[in-house]
Amino acid sequence: MQPCLSLLTLIFLTFHYSAHASPKFFNLDKTPELGKMASFKASALCDVAKETKHYITHTPEDKFAVHAGKVFDENVTLAQVEKTLEFICQTYREDVRAKRQSRLHDKRFLIDNFDFYRWTPDTATARKIAIKSTNARKTSMLNAIPSDKIFLTKYYTKLLTASDVKTQVYNQALYSLPYDELGLTLTEANNDLTITRNKYTRQEIIAGVLNDKKLAKALIWLTEEALHDVLLQGTGVVDVNGTRRYFNVHRNNGIAYDYAIGKREQARYWYFSEVPSIMGYGETLDSKIAITPQVSFAGNVAELGLGKLFMVSYRQADENISRLGVLSDQGGAFDNNLFQLDLLADSYYGWEDYHQANKHLPDYANAWLLLMKP
């Protein structure tokens, strides 16, 4: 599990849903309203669909994520989810061979081949969280979720500059797993509260305890502000001496993220590992799903099940836009949250360039689950 979070992403209260259908959240829609299919590439959608299906097929023991979904009835099956992901790539490849525009951008094709389940957000839980939040902006946005639209947040991987060695500017490390945990399985490590990873808070690590006691290897060195950002985002896309490198969260210190406080006050700390690309959900580091901007959603994997194909629609300028993406990532912000999706936007150095590139995207959107028709 990893904390793929945006600046608007929240941690939400625990709320229990039944194992069967929740008709107030998802209902079959015979007349879905599709706008212009835009803002995504069929090739990228296929890439994420293929990677996610591979995880589902090869990691059936991951009961947290690999299931049909706990908020659907028996009409939604895991087999359908897998067929839907396979159909995405089948369609894309057939269109490439035929040298025609992707039918995944054809509204008629989508209506003919998919069942659409309209998502009605759980605004009741959102309102409860709004009351408890100490952040006025969060409170306002939660209270403003319409009854017919989900909360559509956006997240990005942080573009950073770093150093191979500690300097006056780059004085905070991204640490790999502590030395006393190397060779331990996740279960063994989690059950041993005496190991280094389970001992220290973010503030203690920033103060230098790991470096002073030589308890873990520093992968790279960042500014303190950049460290807080990458701990929030979960992924760092880093330029180190002119070389682009990727780092992803590995295991944390077991302290929950606190939605009521700011990023600098969080006690949770993540240890990292270097990876080949931007990575999404995965029970282990080696099994994480390679994800792609504009076609990857983070959301409530525990309740919805990994690999769901979603369409979100919204008004942009003078036309309605619809886009497709795969639920391929998750984070603490989505625990028991059935009113939000988080779209992976891209990689940016900070809020200003992120906002400039994404200011046209709305905070709320109509949403549907799509499943290939039987």
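None of the figures in this text is laboratory data; all of them are computed from the coordinates on show. Bear in mind that the values here come from a model prediction, so they are computed numbers and not experimental data. Using ideal geometry, Cβ is built from the backbone for each residue, glycine included, and neighbour counts are taken over all protein chains shown.
The sum of -39500 (n - 2.57) across all DSSP H runs of n ≥ 4, divided by the residue count of the chain, sets its helix-only mean residue ellipticity at 222 nm to -7500 deg cm²/dmol. Sequentially through the range 173-181, phi angles give Karplus couplings (6.51, -1.76, 1.60; θ = phi - 60°) of 8, 8, 9, 7, 3, x, 4, 6, 9 Hz, Gly and Pro residues having no value and appearing as x. For a straight C-alpha distance cut-off of 18 angstrom, the lysines reachable from Lys217 (same-chain residues fewer than eight places away being disregarded) are Lys166, Lys199. For the cross-link pairs Lys30/Lys308; Lys132/Lys288; Lys128/Lys373; Lys128/Lys288; Lys99/Lys359, the ones whose C-alpha atoms lie over 28 Å apart are Lys132/Lys288; Lys128/Lys373; Lys128/Lys288; Lys99/Lys359. For the range 158-286, the convex hull spanned by the alpha carbon atoms encloses 110 Å³ per residue.
Only the Cβ atoms of Lys and Arg (+1) and of Asp and Glu (-1) were treated as charged; on that basis the dipole of the chain about its Cα centre amounts to roughly 580 debye. Set the Cα radius of gyration of the chain against 2.2 N^0.38 Å, with N its number of residues, and you get 0.99. Normalised radius of gyration for the range 68-202, please: alpha carbon Rg relative to 2.2 N^0.38 Å, two decimal places. Dividing the Cα Rg of the range 68-202 by 2.2 N^0.38 Å gives 1.67. Listed by chain and number, the aspartates and glutamates placed with their C-alpha closer than 17 angstrom to that of Lys107 are Asp29, Glu33, Asp95, Asp115, Glu319; residues fewer than eight positions away on the same chain are left out.
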